[in-house]
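Working notes, structure below.
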Amino acid sequence: MRLFIAVAAAGGFLQEALMTQARLKQSGMRASWTKPEQFHLTLHFLGETDPARLPDIRAALDAAAKTESFELACGRIGFFPEYGEPRVVWLGVQQPARLARLRDRIGAELASRGLYADSRPFAAHLTLGRIARAGGTQKLPDEANAPAPRAGKPAMRVMRAALYESLRSGSGTEHKELYGAALKRSGIP
């Protein structure tokens, strides 16, 4: 099973991602665009994982979820890699410290159970699309590395983290949620 742990895009963050993706499409950017139902912020990529480890992963998520829910705001539009020919266009998160702490908690819980925890530097982002390379470099639109229109405004409340399976097929990749762990609702009516 090819697995990852993520926070699904919701609320204003989801709406901003949809509007940003539409603007980039209208600009003429050629890309394989992420389907809106698959918009997420990856916290840990686990890769190929033995299904027998699913109970341990669920336990790690449950233990890490004993933290308060929090707000996220949209950041800037950006590209990976940062230098050279861009391959991915994304929407970032402004001041992602709370999201990074949740990621760190999940990583510690995974490691304590002998599971792989992604140790690469964390770059909180939502992938909008993978840029096409047909016939050379394409000109990037003016939106490149610009703030999203709602940048800095609370866009969504992170209420849960989930385990997903990445399923490859002839029509692309689909993400299937296998398990979700709710964060504490502290102070929310």
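The values are calculated or read from the model by the stated rules, or taken from the named source; none is laboratory data. Since we're looking at a predicted model, the values are computed, not measured. As a convention, Cβ positions derive from the backbone with ideal geometry for all residues, glycine included, and neighbour counts pool all protein chains shown. Just the protein is used for accessible areas: all its heavy atoms, side chains included, with ligands, DNA and RNA removed. Shrake-Rupley method; radii C 1.70, N 1.55, O 1.52, S 1.80 Å.
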Checked pairs for region 8-22, first hydroxyl-bearing (Ser, Thr, Tyr), second modelled with pLDDT of 95 or more, C-beta under 7 Å and 6 or more apart or across chains, list as 20/128
With 114, 136 as the choices, which residue is modelled with pLDDT of 80 or more, surrounded by fewer than 18 Cβ atoms within 10 Å (Cβ to Cβ) and over 18 Å from the mean Cα position of the chain (by Cα)?
114
Region 79-93 residues that are within 12 Å of residue 130 (Cα to Cα), paired with ones that are open to solvent by less than 70 Å² (accessible area, probe 1.4 Å) and outside any strand (DSSP E or B) (beta carbon under 6 Å, 6 or more apart)
79/86
Out of everything in region 19-34 that is open to solvent by 20 Å² or more (accessible area, probe 1.4 Å) and touching a strand residue (DSSP E or B) at 6+ places or on another chain (Cβ under 8 Å), what residue ends up being nearest to residue 157 (Cα to Cα)?
34
Which of the following residues is open to solvent by 60 Å² or more (accessible area, probe 1.4 Å) and within 16 Å of residue 96 (Cβ to Cβ): 16, 71, 48, 37?
71
